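The values are calculated or read from the model by the stated rules, or taken from the named source; none is laboratory data. Everything numeric in this text was worked out from a predicted model, so none of it was measured. Cβ placement follows ideal geometry from the backbone for every residue including glycine, while neighbour counts extend to all protein chains displayed. Heads up: the accessible areas ignore ligands, DNA and RNA and are worked out on the full protein's heavy atoms, side chains in. Shrake-Rupley method; radii C 1.70, N 1.55, O 1.52, S 1.80 Å.
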Amino acid sequence: MLLSKVLLAAARRPALRAAVVRTPATRAVVDRFVPGESLDDAVAAVRSLSAQGIAVTLDHLGEDVTDRAQALRSRDAYLALLEALAPLRLGPAAEVSVKLSAFGQALPGGGHDVALELVRPVAEAATAGGTTVTLDMEDSRTVDSTLAVLADLRKEHPGTGAVLQAMLHRTEEDARALAVAGSRVRLVKGAYDEPDTVAHRRKKDVDAAYLRCLELLMAGPGYPMVGSHDPAIIGRAHELAAQHSRSADSWEVQMLYGIRPDEQRRLAAAGTTVRAYVPYGADWYGYFVRRLAERPANVAFFLRSLVTRS
């Protein structure tokens, strides 16, 4: 937990960010988690995963924007992405995930309204293309704003997805509220450094909270999206799907691009709907550091790559 805390703090240190980004060996490691920086790289990853029977949700990397111009660039990047996806005709098998902090959510003096204004055309373009948007959840301070944007978008775009983080104390109540017909909800453990007052800190407590929330979502009439690489959790999800007579197209497993790819293919081949979370873009640092913080094995992988770099 201490290592994770240090890494998550590092995610927002500009000086350390600059040093890591400049290190040549870092790029080789990042390629495990991020297929590339360009739109073409993202589309190539979609084609590859689709050929393996794996759906995708695409994240144009960027967060914590500091001015409206940056937020506009985020909007435009997603509009270009949806335009590029259209010829593939994958429909809901290729959706997009957005972080509202990249759309100006934290801007002073009305950031919430700016984010809603700028994400709305992305939701409209997704609907026009036969797909949808999922609103990523960031740190606990953003939850109320993000859920309010969700409620607003769902008035015209009911397929807009939500993300809940099991580590937060409030999440069981949020899961109950969102476990309604047509509601797409991705449940994840959470990857932000949160205080004891709002979040479970011990792994066993987070795991237990995850399973409680998973049961609520799987028992409801919505569409649960099981965001986990944990075999025990995925196994439990299958048990709950059988218990509640869920068809294979009424829920899915989501895993990050580059994490357990063999298992993603195995699950898909066995009939489970699998969706890979595919990030792309130049602003990969924050995403990369959170992946390191989530699992010690990722840190070991990174350090081995630094030692053995050519």
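Magnitude of the charge dipole for the range 244-284, about its Cα centre and with charges confined to Cβ atoms of Lys, Arg (+1) and Asp, Glu (-1), is about 140 debye.
By how many nm would the segment from Glu173 to Asp196 grow when fully extended, if each residue of separation counts as 0.36 nm and the alpha-carbon distance is taken off?
Full-extension gain reported as 6.5 nm.
Which trypsin sites (Lys or Arg not before Pro) does the range 178-281 hold that lie in a coil by DSSP with at most 11 other beta carbons within 10 Å? Passing sites in the range 178-281 are Arg202.
Could you give the length gained by full extension between Ala208 and Val180, i.e. 0.36 nm per residue of separation minus their alpha carbon distance, to one decimal place?
That pair, Ala208 and Val180, stretches by 7.8 nm at full extension.
Taking each residue as 0.36 nm, the span from Asp64 to His244 lengthens on full extension beyond its C-alpha to C-alpha distance by 60.8 nm. For the pair the range 46-91 and the range 232-250, the centres of their Cα atoms are 29 angstrom apart. Each DSSP beta bridge with both residues in the range 136-259 is either parallel or antiparallel, and the antiparallel ones are about 10%.
Scanning residues 5 or more positions from Lys189 or on other chains, those with amide H under 5 Å from its amide H are Ala166, with H placed 1.01 Å from N in the peptide plane. Ordered from largest to smallest accessible area (heavy atoms of protein chains, 1.4 Å probe), the residues Thr66, Thr132, Thr160 come out as Thr66, Thr132, Thr160.
Look at the dipole of the range 153-247 built from charges on Cβ: of Val163, Met218, Ile233, the Cα furthest out on the positive end belongs to Met218.
Excluding ligands, DNA and RNA, the accessible surface per residue across the range 175-222 is 46 Å² with a 1.4 Å probe.
Modelled this way, with points 7 Å down the Cα-to-C-beta line, the labels at Ser38 and Glu156 are 3.4 nm from one another.
Legend: calculated FRET efficiency, Glu83 to Arg266, from the Cβ-Cβ distance at R0 = 45 Å, rounded to 0.05, equals 0.85. With R₀ set to 51 Å, the beta-carbon distance separating Ala282 from Ala219 gives a calculated FRET efficiency near 0.75.
Restriction of the GluC sites (Glu not before Pro) in the range 110-218 to DSSP coil positions whose beta-carbon has at most 14 other beta-carbons within 10 angstrom yields Glu156.
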